[in-house]
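Colleague: Mind having a look at this structure? Questions to follow.
The values are calculated or read from the model by the stated rules, or taken from the named source; none is laboratory data. All values reported here derive from a predicted model rather than from experimental measurement. Note that each Cβ is placed from the backbone with ideal geometry, even for glycine, and that neighbours are counted across all protein chains shown.
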Amino acid sequence: MSMLSTILVDYVEGSWALSEGAMNLDHADEFINLSFIIKTSGEIVPAMPDDEEFSPQQIRDYVAGPPELFCETHDGFFLFHNKEARERGLPPNELAAAMYLKPPRTEGSLVGKVFVAHPAHIAAYWKGR
């Protein structure tokens, strides 16, 4: 299990404990479709699309600027970052780099907020890039 999977399992299990009595949730579906934002502070924020897919504006908001597909992760998610982040002098995103860049790339290769999107939540346009 990857570090990200461990973090998400801890987060989702905590969410289930809080909401289990209030709602009847299908736990497997909730976990499988989770997308999230990794901030440079190391905070991980869950994200869900307004509709069935994330709109270009939602992705832009999540990465705080023009989005660029950085890579497809080893577990099939799509990793977006702000393509102007380095030019704007944003800080490195060490947590995202540690979790996804295998083998590790040059220091500071991922900067600013990073959006990790579940493949079911993004348009086909991004999948072919």
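Colleague: Having 1 or more residues that are of a type in the set (Ser, Thr, Tyr), modelled with pLDDT of 95 or more and within 13 Å of the chain's Cα centre (by Cα) is the bar; report the helices (runs of 4 or more DSSP H) wholly within the range 32-129 that clear it. Before the answer, list the steps.
Modeller: Numbers: elements: 56-63, 94-100, 124-127.
Passing ranges, in order: 56-63.
Colleague: I need the full set of residues from the range 82-103 which are exposed (fewer than 12 other Cβ atoms within 10 Å of the Cβ) and under 19 Å from Ala117 (Cα atoms), in order please.
Modeller: Answer for the range 82-103, where residues must be exposed (fewer than 12 other Cβ atoms within 10 Å of the Cβ) and under 19 Å from Ala117 (Cα atoms): just Lys102.
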